[in-house]
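Here is the structure we will look at.
The values are calculated or read from the model by the stated rules, or taken from the named source; none is laboratory data. A quick note: this is a predicted structure, and the numbers were derived from the prediction, not measured. When we count neighbours, we look across all protein chains shown, and the Cβ atoms used for this are built from the backbone with ideal geometry, even at glycine. Accessible surface is based on the protein model in full, side chains and every heavy atom, while ligands, DNA and RNA are left aside. Shrake-Rupley method; radii C 1.70, N 1.55, O 1.52, S 1.80 Å.
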Amino acid sequence: MKFDKNVPMPERTNKYDWSNMQPGDSIYFDSPKKADVAAMSLRQYIKTHKLAWLITVRKEATGKRIWRTL
């Protein structure tokens, strides 16, 4: 096995920037699966940053919407 040395690690990037989400804000996803992935991402963000946020996910006609309620 060969190990590489001195390879710089890229910066961590996030697909979603949850830091600017305010109570009452929502985001719509036309794919329920993408909404579920985003909701998991948001729950992890809340847990990691120890925030007292509450979120709600609801089905809409053709997709799902995530609200920050607190």
Residue that is farthest from the chain's Cα centre (by Cα), among those in the range 18-42 that are assigned to a strand (DSSP E or B) and under 16 Å from L54 (Cα atoms): S26
The range 33-52: number of residues that are closer than 16 Å to T69 by Cβ and open to solvent by 70 Å² or more (accessible area, probe 1.4 Å): 2
Close pairs from the range 32-43: first among the charged types (D, E, K, R), partner exposed (fewer than 14 other Cβ atoms within 10 Å of the Cβ) and assigned to a helix (DSSP H, G or I), Cβ under 9 Å, at least 6 apart: none
Selected residue (criterion: surrounded by the fewest Cβ atoms within 10 Å (Cβ to Cβ)) from residues of the range 1-32 that are hydrophobic (A, V, I, L, M, F, W, C) and closer than 25 Å to R43 by Cα: I27
In the range 35-52, the residues that are among the charged types (D, E, K, R) and over 15 Å from N14 (Cβ atoms): D36, K50
